[in-house]
Amino acid sequence: EDQVTQSPEALRLQEGESSSLNCSYTVSGLRGLFWYRQDPGKGPEFLFTLYSAGEEKEKERLKATLTKKESFLHITAPKPEDSATYLCAVQALSQFYFGTGTSLTVIP
Amino acid sequence: GAVVSQHPSRVICKSGTSVKIECRSLDFQATTMFWYRQFPKQSLMLMATSNEGSKATYEQGVEKDKFLINHASLTLSTLTVTSAHPEDSSFYICSAAEHLVAKNIQYFGAGTRLSVL
């Protein structure tokens, strides 16, 4: 059964404390893995897309990596403005599967 | 980056009325548009997928006659919640994807908060 699981559900970090969010998946025919950021009451904002194992993408304090079974979103020296829910989505053939997200809180 | 506009951002209506939500891709032609529903502190729940000029494909458990989707052009899709009831109150989000250049990346609207009294 195709599935996307994100962990942890919630993460509290001190400002400057680096960490990683995990997205593990079991799908047939991966066509792409997507990371989004969602602020409360807003639609998800596109961050990265990864298409093959070994691929990495970076944007400011965020870095996304992909293996054959999972993806990590690394946050380096986070700031309070990085607080949001981070969603992972996987496209398998013609279907998209969203994870339940990781709620990140960065404390000043 | 690609911009998707969703309107209205918030609507309050009486039970039994119909509500229309618009989703527009402003700077690209969307091959496919998606409609999601999101409950508090939960992830996105796909309701339907629509391609321009063809009927929408609804997910299991989503009532076609309740949630009418029209994808009239490559830049516009609408979701009409017919005869809305309090249990339809939710956050509705649309997204648009373009297959050739953007490689299926979904770009989301800002969402519509529907409250049915």
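Could you give me D for chain B, from Stokes-Einstein at 4 °C and 1.567 mPa s, where the hydrodynamic radius is the Kirkwood radius over C-alpha pairs? Units µm² s⁻¹, please.
92 µm²/s
State to the nearest 20 debye the size of the charge dipole of chain B about its Cα centre, where the only charges are +1 on K and R beta carbons and -1 on D and E beta carbons.
Computed about the Cα centre, the dipole is about 240 debye.
May I ask you to list the lysines whose Cα is less than 23 Å away from that of residue A:63, ignoring any residue fewer than eight positions away on the same chain?
Counting by Cα, and skipping residues close in sequence, residue A:63 has these lysines nearby: A:42, A:79, B:103.
State the extension gain, in nm to one decimal, for the chain segment bounded by residue A:19 and residue A:60, taking 0.36 nm per residue of separation less the distance between their alpha-carbons.
On the way: separation 41, 0.36 × 41 = 14.76 nm, distance 1.46 nm.
So the chain would gain 13.3 nm between residue A:19 and residue A:60.
Averaging sequence separations of C-alpha pairs under 8 Å and six or more residues apart, then dividing by the length of segment A:6-65, give the relative contact order as a whole percent. Before the final figure, lay out each step's value.
On the way: 53 pairs, mean separation 12.3, N = 60.
Value for segment A:6-65: 21 percent.
Which whole-number percent is the relative contact order of chain B (Cα, under 8 Å, 6+ apart)?
Normalised by residue count, the contact order of chain B is 36 percent.
For the protein assembly as shown, can you list the cysteines whose C-beta has no other cysteine C-beta under 4.7 Å from it?
B:13
Taking 0.36 nm per residue of separation and subtracting the Cα-Cα distance, what length does fully extending residue A:67 through residue A:52 add?
My answer for the length gained is 4.6 nm.
Please list, ordered by chain and number, the residues whose modelled amide H lies under 5 Å from the amide H of residue A:106; skip anything fewer than 5 residues away on the same chain.
A:13, A:83
Please find, in a Gaussian network model of chain A (springs between Cα atoms separated by less than 10 Å), the residue of A:93, A:13, A:47 whose mean-square fluctuation is greatest.
A:93
Averaged over peptide A:43-53, how many Cβ atoms belonging to another chain are found within 10 Å of each residue's Cβ? All intermediate terms of the calculation are to be shown ahead of the outcome.
Details: counts 16, 12, 4, 8, 0, 1, 5, 0, 2, 0, 0.
That average works out to 4.
Given that compact globular proteins tend to follow 2.2 N^0.38 Å, what is the ratio of the alpha-carbon Rg of segment A:1-105 to that value?
1.01
Per residue of B:83-96, what is the mean number of Cβ atoms on other protein chains within 10 angstrom of that residue's Cβ?
If you average over the peptide's residues, the count of other-chain Cβ atoms is 1.
Normalised by the residues of chain A, what does the relative contact order come to in percent, with Cα pairs under 8 Å and at least six apart?
Relative contact order comes out at 37 percent.
No lab work stands behind these numbers, since they all come straight from the coordinates. The structure displayed is predicted, hence computed values, not measured ones. Positions of Cβ are backbone-derived with ideal geometry, glycine not excepted, and every protein chain shown enters the neighbour counts.
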